[in-house]
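Comments concern the structure below.
The values are calculated or read from the model by the stated rules, or taken from the named source; none is laboratory data. Worth saying up front: this structure is predicted, and the values here are computed from it rather than measured. When we count neighbours, we look across all protein chains shown, and the Cβ atoms used for this are built from the backbone with ideal geometry, even at glycine.
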Amino acid sequence: MCADYVFKGGIDFIDEHFGAFLIAALAGMTLCLIGLIGWGISSTKSICARIGTLALLAPVGVCALGSLVGGTNVHGPYFLIFLPTLSISLSGLVLLLIPAFRQDSKSV
């Protein structure tokens with residue numbers, strides 16, 4: 001999609017079906033957040049903390065790579081990265097907080 005934007009000046013499929021794309025992206029992010037929280041509750045504290053740290057720091061790396069392709073213009077291909085960044089960061093924060101408040105014996 002980024003190559004399509006760079007060479008043609010736009011992403012045709014998303015430009016033509018933006019409403020459907022936005023609904024699908026929001027539904028996917030919501031299901032991902034619910035799944036990660038459920039998985040974090042059932043895993044060990046150390047694994048949950050590691051994945052939470054990765055999920056909290058991953059958007060920084062993705063945004064850095066995205067800025068190399070098209071800059072940080074939210075009207076360019078960067079808007080495809082902007083919405084999931086919030087959801088991934090929120091899930092990382094929740095996954096980091098789950099072990100802190102867990103009081104069961106699953107600490108290994």
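Of all residues being among the aliphatic types (A, V, I, L, M) and at pLDDT below 85 in the range 25-48, which is nearest to Pro99 (Cα to Cα)? Just the residue, please. My answer is Ile41.
Taken over the range 82-99, the criterion of being surrounded by fewer than 16 Cβ atoms within 10 Å (Cβ to Cβ) and in contact with a Cys (Cβ under 9 Å, 6 or more places away or on another chain) is satisfied by Phe82 alone. In the range 50-90, the residue that is modelled with the highest pLDDT out of those that are within 17 Å of Cys32 (Cα to Cα) and among the hydroxyl-bearing types (Ser, Thr, Tyr) is Thr53.
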